[in-house]
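K.L.:
Have a look at this one.
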Amino acid sequence: MNLFKQLLPTKRGFSGAQKYCRASFYALLHSTSDHLVEVHSPDHEVVIALGSNVGDRLKNFNEALQLMRKSGINVTRHACLYETAPAYVTDQPRFLNSAVRAFTKLGPHELLGVLKKIEQGMGRTGGIRYGPRPIDLDILFYGKYRIGSDTLTVPHERIWERPFVMAPLMDLLGSVIDSDTVACWHSFSTDSDGLFGSWEKLGGESLIGKEGMKRVLPVRNHLWEWSQETSIMGILNLTPDSFSDGGKFISVKNAVSHVRLMISEGAGIIDIGAQSTRPLASRISAEEELDRLIPVLEAVQGMPEMEGKLISVDTFYSDVASEAVKKGAHIINDVSAGQLDPNMHRIVASLDVPYIAMHMRGDPTTMQSSENLQYDDVCSQVAFELFSRVQDAELTGVQAWRIILDPGIGFSKKTEHNLDILMGLPTIRAEIAKRSFAVSHAPLLFGPSRKKFLGEICNRPVAIERDPATIASVATGILGGANIVRVHNVKDNVDAVKLCDAMLKGRTQL
């Protein structure tokens with residue numbers, strides 16, 4: 001049993017949140033004359049900040065999250081991952097920072113005790129205040145309560161002055177207040193616009209990408225600052241029946257030669273697929289897919305030209321994903337976002353690699369059925385359905401900081417839907433942001449290359465003749481917010497990517 005003070009919304013608090021929060025308190029809490037309440041172990045939603053700047057920082061995060069789950073802290077959402085300059089004591093290594101939302105039955109002081117035990121078990125000692133530490137776990141919010149005791153203050157007293165805390169905290173919210181608990185968190189802010197206002201006062205999104213705070217994605221033991229320039233993903237199909245280049249790269253020799261060409265032309269990522277996902281393609285087994293994939297993957301992984309480059313494997317089978325990562329793949333690209341293999345999210349969570357979640361309805365044999373082509377608002381519906389798949393992945397343990405989004409151009413879409421998405425990437429991000437800023441900040445992959453809708457619009461029935469239209473759509477996608485473009489013809493898209501990046505860089509410097 002724990003005693004702590006009931007939140008009394010301040011006069012300057014977030015006005016909408018005040019009303020929402022106050023109604024919830026009157027309905028749920030029984031107050032005594034001095035505003036003390038008893039808590040009888042229901043699930044409380046909490047926000048916990050993570051920081052590390054000693055040892056393998058990412059490994060420290062993963063270990064801490066595993067220990068939290070084992071201790072009755074059920075993580076439901078993850079913020080993005082940030083590399084930040086140290087504050088207060090500046091002569092120390094850079095930090096990784098993030099935060100999670102979770103549910104727990106632990107009382108606030110019990111929760112504090114569990115977190116301190118995790119810190120100590122991972123090697124944290126007293127040391128210098130604000131100094132180096134392998135792991136730092138702070139309770140930012142606990143349910144709907146403001147807590148003040150000799151050992152615990154909630155909200156954490158220095159939230160409002162710390163961009164490295166506020167950025168992950170904002171990631172865990174959406175632009176729409178989705179619960180009375182979140183409304184109360186907004187009411188804790190001294191700004192009239194709640195947490196949104198507090199974040200903007202610090203500088204908001206303008207702080208991200210500067211030397212003091214970088215939003216990063218962990219891949220291949222590196223932190224990839226993916227927003228600085230557009231990445232080109234070259235396509236390597238090992239299938240006999242792909243719509244564009246089926247049968248050309250089945251042999252290891254031809255595959256390696258083509259990878260060497262794409263790297264020389266400017267590809268930074270090679271996406272290897274051994275299962276066709278064109279409309280009406282027959283599905284092969286995971287075993288047959290691995291038979292095609294592994295010899296080529298091993299050969300490509302061993303190429304000197306691949307130094308500093310990334311390998312992605314395009315598969316919807318968890319067994320293929322697992323084996324591919326063992327053989328050197330750095331990224332899993334799943335056209336079904338986990339819908340075609342119930343084990344995919346669990347396996348990806350255990351692999352600790354970036355996960356491309358693409359929007360598709362049905363499977364390649366059914367995705368173009370009349371039922372799967374019904375949309376009222378394609379951008380809003382794609383955003384909602386894609387977010388739902390990502391949320392399922394998060395609940396299984398795939399952190400949001402490892403997610404890459406793909407709206408699925410050409411998959412369960414008509415020509416008009418593809419055009420709406422081509423012009424609507426900012427809308428898709430904004431719709432996702434209503435539910436999760438973290439997911440809306442994820443890298444966006446865009447893959448219109450040689451797709452059928454380009455042929456229909458430009459009267460180009462032969463796939464290879466659609467490269468000029470591909471270049472136009474790639475440029476449009478980049479200017480709309482795409483961070484990775486997936487193409488067959490690397491050479492002819494490189495200059496379009498460079499030009500768009502220069503235009504975007506110039507816009508941000510104005």
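The values are calculated or read from the model by the stated rules, or taken from the named source; none is laboratory data. Keep in mind it's a predicted model, so treat the numbers as computed, not measured. Glycine gets a Cβ as well: all are built from the backbone with ideal geometry, and neighbour counts include every protein chain shown. Heads up: the accessible areas ignore ligands, DNA and RNA and are worked out on the full protein's heavy atoms, side chains in. Shrake-Rupley method; radii C 1.70, N 1.55, O 1.52, S 1.80 Å.
K.L.:
Criterion first (in a helix (DSSP H, G or I) and open to solvent by less than 20 Å² (accessible area, probe 1.4 Å)) does ALA482 satisfy it? Show your work before the answer.
P.N.:
Details: in a helix (DSSP H, G or I): no; open to solvent by less than 20 Å² (accessible area, probe 1.4 Å): yes.
Judged against the criteria, ALA482 is not a match.
K.L.:
Is one or more of the residues making up region 450-473 buried (at least 16 other Cβ atoms within 10 Å of the Cβ), of a type outside the set (Lys, Arg) and within 23 Å of the chain's Cα centre (by Cα)?
P.N.:
Checking region 450-473: not a single residue is buried (at least 16 other Cβ atoms within 10 Å of the Cβ), of a type outside the set (Lys, Arg) and within 23 Å of the chain's Cα centre (by Cα).
K.L.:
Something else: When the residues of region 75-120 are filtered to those that are of a type in the set (Ser, Thr, Tyr) and surrounded by fewer than 18 Cβ atoms within 10 Å (Cβ to Cβ), which remaining residue is farthest from GLY143 (Cα to Cα)? Don't jump to the end; show me each part of the working.
P.N.:
To start, the set of residues in region 75-120 that are of a type in the set (Ser, Thr, Tyr) comprises 76, 82, 84, 88, 90, 98, 104.
Subsequent filtering for residues that are surrounded by fewer than 18 Cβ atoms within 10 Å (Cβ to Cβ) retains 76, 88, 90.
Working: THR76: 14, TYR88: 29, THR90: 33 Å.
Result: THR90.
K.L.:
Can you spot a residue in region 194-208 that is surrounded by fewer than 23 Cβ atoms within 10 Å (Cβ to Cβ), of a type in the set (Lys, Arg) and under 28 Å from ARG146 (Cα atoms)?
P.N.:
Looking for residues that are surrounded by fewer than 23 Cβ atoms within 10 Å (Cβ to Cβ), of a type in the set (Lys, Arg) and under 28 Å from ARG146 (Cα atoms), one finds at least one in region 194-208, hence yes.
K.L.:
Go through region 70-186 and tell me which strands (runs of 3 or more DSSP E), entirely inside it, have 2 or more residues that are in contact with a Pro (Cβ under 7 Å, 6 or more places away or on another chain) and at pLDDT 95 or above. Talk me through it step by step, then tell me what you get.
P.N.:
Values: elements: 73-78, 81-84, 95-104, 136-142.
Filter on region 70-186 gives 81-84, 95-104, 136-142.
K.L.:
Conditions first: (1) over 30 Å from SER369 (Cα atoms); (2) in a loop (DSSP other than H, G, I, E, B). ASN254 passes all but one, so which condition is the exception?
P.N.:
(2)
K.L.:
Filtering region 134-154 down to residues that are over 26 Å from the mean Cα position of the chain (by Cα) and of a type outside the set (Val, Ile, Thr), which residue is most open to solvent (accessible area, probe 1.4 Å)? So that I can check it myself, show each step before the final result.
P.N.:
Here is the first cut: in region 134-154, the ones over 26 Å from the mean Cα position of the chain (by Cα) are 144-154.
Then drop every residue that is not of a type outside the set (Val, Ile, Thr), which leaves 144-146, 148-150, 152.
Working: LYS144: 30, TYR145: 17, ARG146: 86, GLY148: 65, SER149: 46, ASP150: 166, LEU152: 13 Å².
My answer is ASP150.
K.L.:
Search region 369-390 for residues that are polar (S, T, N, Q) and pair each with any residue that is part of a helix (DSSP H, G or I) when their beta-carbon atoms are under 6 Å apart and the residues are at least 6 apart or on different chains.
P.N.:
SER380/GLU431
K.L.:
Answer yes if at least one residue in region 443-460 is in contact with a Gly (Cβ under 8 Å, 6 or more places away or on another chain) and within 18 Å of GLY209 (Cα to Cα), and no otherwise.
P.N.:
Yes: one or more hits.
K.L.:
Select from region 423-448 the residues that are part of a helix (DSSP H, G or I) and open to solvent by less than 20 Å² (accessible area, probe 1.4 Å) and write down the one among them that is nearest to ILE478 (Cα to Cα).
P.N.:
Restricting to residues being part of a helix (DSSP H, G or I) and open to solvent by less than 20 Å² (accessible area, probe 1.4 Å), the top hit is LEU425.
K.L.:
Moving on to the next point. Could you count how many residues in region 209-225 are modelled with pLDDT of 95 or more, open to solvent by 20 Å² or more (accessible area, probe 1.4 Å) and not charged (D, E, K, R)?
P.N.:
Within region 209-225, residues that are modelled with pLDDT of 95 or more, open to solvent by 20 Å² or more (accessible area, probe 1.4 Å) and not charged (D, E, K, R) number 2.
K.L.:
Now, a different point. Among the residues of region 36-61, what is the count of those that are modelled with pLDDT under 50 and loosely packed, with under 13 Cβ neighbours inside 10 Å? Working first, answer last.
P.N.:
If we filter region 36-61 for residues that are modelled with pLDDT under 50, which is where we start, we get 36-40.
Applying the additional criterion that residues be loosely packed, with under 13 Cβ neighbours inside 10 Å yields 36, 38, 40.
Final tally of qualifying residues: 3.
K.L.:
Within region 209-224, how many residues turn out to be touching a residue at least 24 places away in the same chain (Cβ under 8 Å) and not β-branched (Val, Ile, Thr)?
P.N.:
Number satisfying all stated conditions: 9.
K.L.:
Further question on the same structure: How many of the residues making up region 62-74 are open to solvent by less than 10 Å² (accessible area, probe 1.4 Å) and under 21 Å from ASP392 (Cβ atoms)? Before you say what the answer is, go through the steps one by one.
P.N.:
As a first pass, look at region 62-74 and keep what is open to solvent by less than 10 Å² (accessible area, probe 1.4 Å): 64-65, 68, 73.
With the extra rule that they be under 21 Å from ASP392 (Cβ atoms), the set shrinks to 65, 68, 73.
Total meeting the criteria: 3.
K.L.:
So, in region 360-386, of the ones that are open to solvent by 70 Å² or more (accessible area, probe 1.4 Å) and among the charged types (D, E, K, R), which residue ends up farthest from GLU416 (Cα to Cα)?
P.N.:
Ranking the candidates gives GLU371 first.
K.L.:
MET166 versus (1) without any contact (Cβ under 8 Å) to a residue 40 or more places away in the chain; (2) surrounded by fewer than 22 Cβ atoms within 10 Å (Cβ to Cβ): which is the lone unmet condition?
P.N.:
Result: MET166 fails condition (2) only.
K.L.:
Of all residues being open to solvent by 50 Å² or more (accessible area, probe 1.4 Å) and in a helix (DSSP H, G or I) in region 387-422, which is farthest from GLU63 (Cα to Cα)? Just the residue, please.
P.N.:
Taking the candidates together, the pick is GLU416.
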